[in-house]
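Reviewing the structure listed below.
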Amino acid sequence: MGSLSLEMDFEPSPMTPRSLAMTPRSLARRRLFPNVENKKQKVEQSGAGPRKNLQLEVLEPGLKNDGPSLDTILVNYLDTLTQRVNYHLAPLLQFHLNNCGDPFLQNTVDFHSKDFEVAVLDWFAQLWEIEKDQYWGYVTNGGTEGNLHGILLGRELLPEGILYASKDSHYSVFKAARMYRMDSETINTSVNGEMNYSDLRAKLLQNKDKPAIINVTIGTTFKGAIDDVDVILETLKDCGYSQDRFYIHCDAALCGLMTPFINNMISFKKPIGSVTISGHKFLGCPMPCGVQITRKSYINNLSTNVEYIASVDATISGSRNGLTPIFLWYSLSAKGQIGLQKDVKKCLDNAKYLKDRLQQAGISVMLNDLSIIVVLERPRDHEFVRRWQLSCVKDMAHVIVMPGITREMLDNFISELGQQRKQWYKDGKAEAPCVGEDIGAQNCACSYHKIDYISP
């Protein structure tokens, strides 16, 4: 088998038009499905409509089937996906790679990528300031698995501990509390989504006889708010919690790759227990994945010797995708810390640009410090929301300004939103929603708050 040249075969490249004689995607299909190589498939243009369900069923081999062949179904599916992606990564998909068990132990089989996985883990350990011989971690299937693992570690270390999490924490945190049958306290948040430290203090004091397991959110899902680790540590100290009576898990799904290039709020030099990030968000891995890092001294509480895989396993999932560590390794290697730092600056600048432009247009908008999530009033038209792929909560929507977002895209969004708003609110018969309670009165541009803030 020939060697794989990453520079030539693995480099993410823009999709070329379908009208060209042979695209990289068609070459991939040609290798995968030689018997349909010359068939011309009718491709529906990627208009504004959502992708239609293919209405599939599992076919029994050997029975008469009047429908399309398996190859044809898969080619149609690839065509459908091709219309909705700009980049593709394919060469390694021919291999079944399973990183089963502990990443730091040898497998009895060769079809794994643990060497890539450990390289990725070492990179993040250095980023979050913990020595190689002091940490343990693994590449997860996403941020949720990282949260499940981090909170489980806290529960195993402090079996009587109470889980504290802000109401703006990711839903997987509360899922963990239910799965592990943990007592939990929901902490109020300020209007920007950050944890209310006075409420945390009050609830810590109410439960002072039990240890604390605290989920710290480094970038809330909807508003991008960052809980202050240092304030939480100071609050724990003031409430009489010694370091052996608390465990801190940092859910840094989106911002864990950003904050180290702004300040060192995430650092194992502080008494934190674990950190998790998502690899498919800021880094842009083409499939869901994440990274979970904890202290090596904690992991024995979860480790189990599994004889038939000849490994110790302390992961949540056991079998793990062996492709994602390679994708993560390649992305980190291609960008490097300098490239990531440039991406962070670009995203922060573009987020501020979007926020300022919306504000100038008289649209309610909020942007947290160190955040790339711009929260704005919810557009009235469902089709507009779907076309721009906006997530909405109550009367709010948000835009996450990722590295691939350009000023031109933002200008197009602002322009179309402005044109649509003229139709939605023409003749003054309808008004934009008041979102003062959701994003702060100072950020709300409704008629009431606009007058309130203009008045002396």
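Return an integer: the convex hull volume of the alpha-carbon atoms of region 261-334, in Å³ per residue. It would help to have the intermediate numbers written out before the result.
On the way: hull volume 9.1 nm³, N = 74.
Hull volume over Cα atoms, normalised by residue count, gives 123 Å³.
Using the structure shown, select from 167/352; 422/450; 223/281; 237/270 the pairs with a Cα to Cα distance greater than 22 angstrom.
Values: 167/352 26 Å; 422/450 18 Å; 223/281 16 Å; 237/270 13 Å.
In this structure, 167/352 lie more than 22 Å apart at Cα.
Could you rank 438, 244, 183 by how accessible they are, 1.4 Å probe, largest area first?
Details: 438 25, 244 115, 183 90 Å².
From most accessible down to least: 244, 183, 438.
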*Take every Cα pair under 8 Å in region 95-177 that's 6+ residues apart, average their separations, divide by the length, and report that relative contact order as a whole percent.*
21 percent
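Give me the extension gain from residue 179 to residue 167: residue separation times 0.36 nm, minus the current Cα-Cα distance, reported in nm with one decimal. Can you show the working numbers first?
Values: separation 12, 0.36 × 12 = 4.32 nm, distance 1.80 nm.
This chain segment gains 2.5 nm when fully extended.
For region 360-456, just say rounded, prolate or oblate: build the C-alpha gyration tensor, square-root its eigenvalues into a ≥ b ≥ c, call rounded for a/c under 1.5, and beyond that prolate if a/b exceeds b/c, oblate if not.
Details: a/c = 1.76, a/b = 1.25, b/c = 1.41.
It is oblate, given that a/c is not under 1.5 and a/b is not larger than b/c.
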*Enclosed volume per residue, in Å³, of the convex hull spanned by Cα atoms of region 108-258*: 132 Å³
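For residue 196 and residue 303, calculate 0.36 nm times their separation in residues minus their Cα-Cα distance, and state this gained length in nm to one decimal.
35.0 nm
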_Candidate lysines for bridging to residue 114, where Cα separation is under 18 Å - those fewer than 8 sequence places away on the same chain excluded_ = 132, 296
*From the Cα gyration tensor of region 216-343, with a ≥ b ≥ c the square roots of its eigenvalues, which class applies: rounded if a/c is under 1.5, or else prolate if a/b is larger than b/c, or else oblate?*
oblate
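Considering only protein heavy atoms, what per residue accessible area in square angstrom results for region 319-369 with a 1.4 angstrom probe? Can you show the working numbers first?
Working: 2230 Å² over 51 residues.
With all protein chains present, region 319-369 gives 44 Å² per residue.
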*How many percent of the accessible area of region 197-347 is carbon or sulfur, using a 1.4 Å probe?*
50 percent
*From the Cα gyration tensor of region 297-426, with a ≥ b ≥ c the square roots of its eigenvalues, which class applies: rounded if a/c is under 1.5, or else prolate if a/b is larger than b/c, or else oblate?*
prolate
*Of 400, 372, 390, which is farthest on the positive side of the dipole of region 363-412, counting Cα position, with +1 on Lys and Arg Cβ, -1 on Asp and Glu Cβ, and the Cα centre as origin?*
390
*Spread of Cα-to-Cα distances over 5 Å intervals beginning at zero, given as percent, for region 324-399*: 3, 14, 18, 17, 15, 12, 11, 7, 2, 0
*What is the dipole size for region 173-298, taken about its Cα centre, with +1 at each Lys and Arg Cβ and -1 at each Asp and Glu Cβ, in debye to the nearest 20?*
400 debye
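Over 32 Å between Cα atoms: which of 208/345; 346/429; 175/429; 335/355 fall into that group?
Working: 208/345 42 Å; 346/429 39 Å; 175/429 43 Å; 335/355 27 Å.
Result: 208/345; 346/429; 175/429 exceed 32 Å.
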*asked:* At 7 Å along Cα-to-Cβ for each site, give me the label-to-label distance between residue 243 and residue 111 in nm.
replied: 4.5 nm
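The values are calculated or read from the model by the stated rules, or taken from the named source; none is laboratory data. This is a predicted model, so every value here is computed, not measured. Note that each Cβ is placed from the backbone with ideal geometry, even for glycine, and that neighbours are counted across all protein chains shown. Please note that ligands, DNA and RNA were not included when accessible areas were found on the heavy atoms of the full protein model with its side chains. Shrake-Rupley method; radii C 1.70, N 1.55, O 1.52, S 1.80 Å.
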